[in-house]
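S.K.: Sending over a structure as structure tokens; questions will come in a sec.
Read-outs: derived from the displayed coordinates by stated rules, not from any lab. Given the structure is predicted, the values throughout are model-derived calculations rather than measurements. Every residue, glycine as well, gets a Cβ built from its backbone with ideal geometry; the counts of neighbours run over all protein chains shown.
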Amino acid sequence: MGNLRSVAKGFEAIGCEVCVSSRPQDLEQAERIVLPGDGAFATGIENLHRLGLIEPLRHHVIHEGKPFLGICLGMQLLARKSWEQGEWMGLGWIDAEVKPLDVRVQGLRVPHMGWNEVAPTASSVLLRDLPSRGFYFVHGYHVVCSNEAVVKGTCAYGVSIAAVVEVRNIFSTQFHPEKSQRAGMQLLRNFVNHQAEYAEDPNHPHLAAEKFGAR
Amino acid sequence: MLKTRIIPTLLLRNSVLVKSIRFQTYRPTGMPRQAARVYNAREVDEMVILDIEARLQARGPMLEVIADLAEECFMPLAVGGGIRTIEHIREVMKIGADKVVINTEAFERPLFISEAARMFGSQCVVVSIDAKRLGPARYEVYTHCGRRVTGTDPVTWAQRAETLGAGEILLTSIDSDGTMQGYDLELVRLVADAVKIPVIASGGAGRLSDFADAVWQGRASAVAAASIFQFTQVTPNSVKMAMRDAGIDVRL
């Protein structure tokens with residue numbers, strides 16, 4: 001789904017070996033996992049189900065602790081629930097809901113499309129050492145987190161949009177780093193260079209997610 | 001604050017880039033991949049490539065040319081020309097396009113817009129409208145690379161396209177195309193005021209001040225240009241500096 005070649009090209013440009021795959025077994029060998037995507041939420045989640053990727057992703061990211069990056073729709077799919085054209089269950093890895101970007105009353109156009117500035121928080125891994133703060137956004141829905149502490153970068157567009165969400169080894173961006181030129185490449189580098197150990201622990205977002213009944 | 005985008009447009013004709021004047025009189029300007037490399041190095045906000053005669057030649061998009069050019073693009077890329085099916089969209093997205101630009105097929109088969117938006121999301125569906133002036137505040141939509149008159153008013157068509165799921169309108173004035181005499185501000189304003197989705201003004205940019213005019217007077221969300229970047233010393237960056245001086249928020 002979405003523009004896979006662009007994402008692969010972005011990682012190749014910073015020296016990574018990339019395997020573009022929709023097969024669960026390829027996750028075994030991956031050191032890091034990226035879920036890109038744009039398009040409709042329902043199609044995205046249905047594809048993950050149809051390809052049998054939900055449990056393998058959960059295993060590798062939640063239990064094995066492999067660093068994970070969700071981009072755009074790939075970020076939204078991590079939420080518990082989305083209200084895009086109906087009501088859909090997401091992966092539930094972050095305690096959040098995907099809601100329409102309701103800013104038309106303020107005279108703003110939707111989708112939020114183009115370059116906008118991201119204000120980083122000090123603790124963000126992805127937003128370190130950036131040459132500039134402008135990133136490319138294209139979305140009509142946004143992720144509303146219950147716990148604001150996981151939002152590591154925000155973008156003002158009528159409302160404060162969660163532009164970067166980081167929960168342990170789960171990283172995500174609402175914008176497209178692969179389309180954001182030098183700043184985007186630096187963000188991908190930050191993701192790739194980040195080294196940390198994530199053993200299972202009781203505060204794991206997945207366990208927290210189960211408490212509020214996400215699948 | 002969302003930045004106003006400055007978008008170089010590449011016109012592809014028989015595998016080479018051309019410049020056009022009023023949708024006629026083509027003149028070759030270079031090769032697609034090289035142009036993409038230059039624009040990427042200049043960190044342009046976005047790029048549009050239109051295979052202008054695909055529809056006239058009754059063929060789909062030139063995938064090899066687009067794939068080759070897309071390798072150089074680390075910025076958003078919109079691809080148009082010959083997009084007639086969901087499969088075409090899938091193919092160009094797969095090789096590096098972020099958006100598709102649909103013109104004739106959208107007009108002839110408006111439900112294609114909805115179908116595309118449902119499959120890929122509105123954000124990747126750009127409906128391109130080519131319009132010619134009939135008189136004061138009166139315009140008419142043309143399809144088939146400006147060859148076929150439709151009798152439809154661009155405002156009505158833009159609103160319909162928005163309702164059907166278009167995420168953006170690329171609005172080109174046929175009269176102004178390639179003339180470098182400025183955007184047709186009345187046309188831009190009429191359409192931009194009539195829809196809630198972003199409108200990209202296209203056709204006519206020739207002076208630095210034209211861009212700010214399209215935003216302040218035309219209320220465009222983004223400005224596209226071709227000739228000015230190919231035949232003058234003006235670069236996307238100098239345009240941005242002029243726009244910034246005119247009080248417009250751009251990415252510098």
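S.K.: What number comes out for the charge environment of B:L63, summing +1 per Lys or Arg and -1 per Asp or Glu over other residues with Cβ under 10 Å away?
M.R.: -2
S.K.: Also: Mind checking the dipole of chain A: about its Cα centre, +1 per Lys or Arg Cβ, -1 per Asp or Glu Cβ, Debye to the nearest 20?
M.R.: Approximately 540 debye in magnitude.
S.K.: Can you give the calculated 222 nm mean residue ellipticity of chain A, where each DSSP H run of n ≥ 4 adds -39,500 (n - 2.57) and the sum is split over every residue, rounded to the nearest 500 deg cm²/dmol?
M.R.: -6000 deg cm²/dmol
S.K.: Continuing with the same structure: So what's the gap between the Cα centers of the stretch B:127-175 and the stretch B:32-56, to the nearest angstrom?
M.R.: Each part reduced to its Cα centre gives a spacing of 23 Å.
S.K.: Taking the square root of 5 times each eigenvalue of the Cα gyration tensor, what semi-axes in Å does the equivalent ellipsoid of the protein assembly as shown have, largest first? Intermediate values should be presented prior to the final figure.
M.R.: Values: eigenvalues 288, 93, 90 Å².
Semi-axis lengths for the protein assembly as shown are 38, 22, 21 Å.
S.K.: While we're here: In whole Å, how far is the Cα centre of the stretch A:56-81 from that of the stretch A:141-157?
M.R.: With the stretch A:56-81 and the stretch A:141-157 each reduced to a Cα centre, they are spaced 17 Å.
S.K.: Given the protein assembly as shown, what percent of its DSSP beta bridges are antiparallel, to the nearest 5?
M.R.: 50
S.K.: Another one. Of the candidates A:A122, A:A163, A:A40, which one comes out as most mobile in a Gaussian network treatment of chain A with C-alpha springs shorter than 10 Å?
M.R.: Of A:A122, A:A163, A:A40, the most mobile in the Gaussian network model is A:A122.
S.K.: Please give the Cα centre distance for the stretch A:165-179 versus the stretch B:192-235, rounded to the nearest Å.
M.R.: Comparing the Cα centres of the stretch A:165-179 and the stretch B:192-235, I get a distance of 32 Å.
S.K.: Separate question: Among the helices of chain B (complete DSSP H runs), which have Cα atoms covering no less than 30 Å along the helix axis and a Kyte-Doolittle mean of at least -1.0?
M.R.: none
S.K.: Using a 10 Å Cβ count of at most 13 others and DSSP loop calls, identify the longest part of chain A lacking such GluC sites (Glu not before Pro).
M.R.: A:88-196
S.K.: Give, as a single signed number, the net charge of other residues whose beta carbon lies under 13 Å from the beta carbon of A:V18, with Lys and Arg counted +1 and Asp and Glu -1.
M.R.: Result for the neighbourhood of A:V18: -2.
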